[in-house]
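Working notes, beginning with the structure itself.
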Amino acid sequence: MSDPARLGFSGRVQELFAPLAEQGFSPARVIRVDRGMPLVAGPMGVVRAEPATHLVKSAADVASRVAVGDWVALGRPEGHDLPIIEVILPRAGMFSRKDPGSETGQQVVIANVDVVFVVQSLSGDGVNDRRLERELVLAWESGARPVVVLTKADLVEDADEVARFVAEIAIGVEVIVESAVTGIGIDAVRAAVPLGTTAALLGGSGVGKSTLVNRLVGHEVLLTNETRSGDDKGRHTTVAREMVLVPDGGVIIDTPGMRGLALWDAEEGLSAAFPDMEELAVECRFRDCTHVSEPGCAVVAAVEAGELSPRRLESWRRLRTELDSLAARQDEHSRREQERKFYKPIAKFARQHFKDIPRDKGR
Ligand SMILES: Nc1nc2c(ncn2[C@@H]2O[C@H](COP(=O)(O)OP(=O)(O)O)[C@@H](O)[C@H]2O)c(=O)[nH]1
Ligand SMILES: [Mg+2]
Ligand SMILES: [Zn+2]
C-alpha cells in the first residue's frame, strides 16, 4: 500500500495535510479500528497505530475519536514501537449512527465517504421500501452521494419494474440493477467508484454486499482476513477485510457496522431524501407545519389532489417522528448534564465546609 493516491489521498486531503508534512508527519488512512486500536495504511504499509494521549483524553468529542476512513497524521516519537496518530484530519463527511451503547451518543461508523451504495436484494422478500427510505436519509446525511444497487437480478423476472418503483422513492438517485451471477450492472457500480474516491456499502445482511465487492475486485477478497501490501503494480489489493481497492478505481469499505443503523441528527438527510416534500412544504402557511391537520397545508392539499402519494407523506412523518424523539432525548440528556454541572461545585462546597461538623453532634 505504498501509493496513497489509491487510498483517496487527493485534493482536499492533500491540501489539509501539507502543513503537517512540513512538520515531519506522514499521512495514513484508517482502515479498521479494533477496540480503539486503529489499523492504518500509508507509505509504510499496513500497520497498527496508537492514538495520541491528547486524542484519547478528548474522546468525548467525536472529532477526536479515530474512525474507519479517517485520514490521520502519524508521528514516530523516540522509544515508541507503534506510530502515534497525532492529528485526525477534518472529515469531509461522516457516516454516523446513534451509539448502540448509549442513550444519545453519536458513533462515527465511516468517515470521508464519497458514494454510498444502498444495497437491497430483488429476490427473497424483495425490496423493502421503508428500509430503503431510511437508508437514503442516512446516506444523504453522511454528505455522500447515494446510489441504489438492486442485487440478484438473475433470480427475478420483474427487475426493471421494481427499479422503476424504486426510482420513484429514490428521487434524484441513480438506481442500478445488478447480478453477481450474470454480471449485469457491475460496470455501472464500478463507474460510480472512480480512482481517488471512497464508497461504502449500506444494507441488510445477505443482500449480496460482499459478493458484489468480490465481483468488482475479480476474486474472493472479503473472505480472508489476510493483509497483503506492497502490491503496487496497478493490481488490486486487499488492505484489510473491510477496505478493498477496486482495480483502476477507488476504495470500497464493507463494514459490518453498516447493517442496522438508527438515525442520528439526520435533518439534512431527511430533506435531501424527500425533495418532493420539501418543495411542497415551502407553500405551507406555517413554517413549522407538521403536515397533519394545520390549515393551509400544501402537503396535505397535494395528497388530496392526488399529486403526492399518501404513502410518501406517511413515510416522511414516520422518519420525522423518529428524529424528533431522538432530539427530545438529547435535550433531556443535556438538561441533566447542565444540572449536574450546576450542582457539582455546590456539592463540593458542601463537602468541604460541612465535613468538620461532628457526626455525633445530635447525640
Ligand atoms: N443468485 C444470486 N445470488 C447472489 C447474488 N449476490 C449474492 N448472492 C448470494 O446471496 C448470499 C449472501 O451474499 P453476501 O454477499 O454474503 O451478502 P452480504 O451479507 O450482504 O455481504 C450468498 O449466498 C451469495 O452467493 C446474485 O447476484 N445472484
Ligand atoms: Mg458481507
Ligand atoms: Zn404542511
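The values are calculated or read from the model by the stated rules, or taken from the named source; none is laboratory data. These figures come from a predicted structure and were not determined experimentally. Positions of Cβ are backbone-derived with ideal geometry, glycine not excepted, and every protein chain shown enters the neighbour counts. These accessible areas exclude ligands, DNA and RNA; they are computed on the full protein's heavy atoms, side chains included. Shrake-Rupley method; radii C 1.70, N 1.55, O 1.52, S 1.80 Å.
Across segment 151-175, the qualifying residues are those that are crowded, with 20+ Cβ neighbours inside 10 Å and farther than 25 Å from L308 by Cα, and the one among them that is nearest to ligand 3 (Cβ to nearest atom) is T151. In the condition set (1) modelled with pLDDT of 85 or more; (2) among the small types (G, A, S); (3) over 29 Å from D248 (Cβ atoms); (4) open to solvent by 30 Å² or more (accessible area, probe 1.4 Å), S64 is compliant with all but (4). Any residue in segment 107-117 that is farther than 13 Å from P38 by Cα, open to solvent by 30 Å² or more (accessible area, probe 1.4 Å) and at pLDDT 80 or above? Yes, segment 107-117 contains at least one residue that is farther than 13 Å from P38 by Cα, open to solvent by 30 Å² or more (accessible area, probe 1.4 Å) and at pLDDT 80 or above. Taking the stated definitions as given, is S58 closer than 24 Å to E268 by Cβ, out of contact with any Phe, Trp or Tyr (no Cβ under 6 Å at 6 or more places or on another chain) and hydroxyl-bearing (S, T, Y)? So S58 fails the test. Of all the numbered requirements in (1) assigned by TED's automatic domain parsing to the domain that holds G208; (2) surrounded by 24 or more Cβ atoms within 10 Å (Cβ to Cβ), R130 misses one, and that requirement is (2). Kindly check whether there is at least one residue in segment 297-314 that is modelled with pLDDT of 90 or more, surrounded by 11 or more Cβ atoms within 10 Å (Cβ to Cβ), closer than 30 Å to R190 by Cβ and of a type in the set (V, I, T). No, there is no match, as no residue in segment 297-314 is modelled with pLDDT of 90 or more, surrounded by 11 or more Cβ atoms within 10 Å (Cβ to Cβ), closer than 30 Å to R190 by Cβ and of a type in the set (V, I, T).
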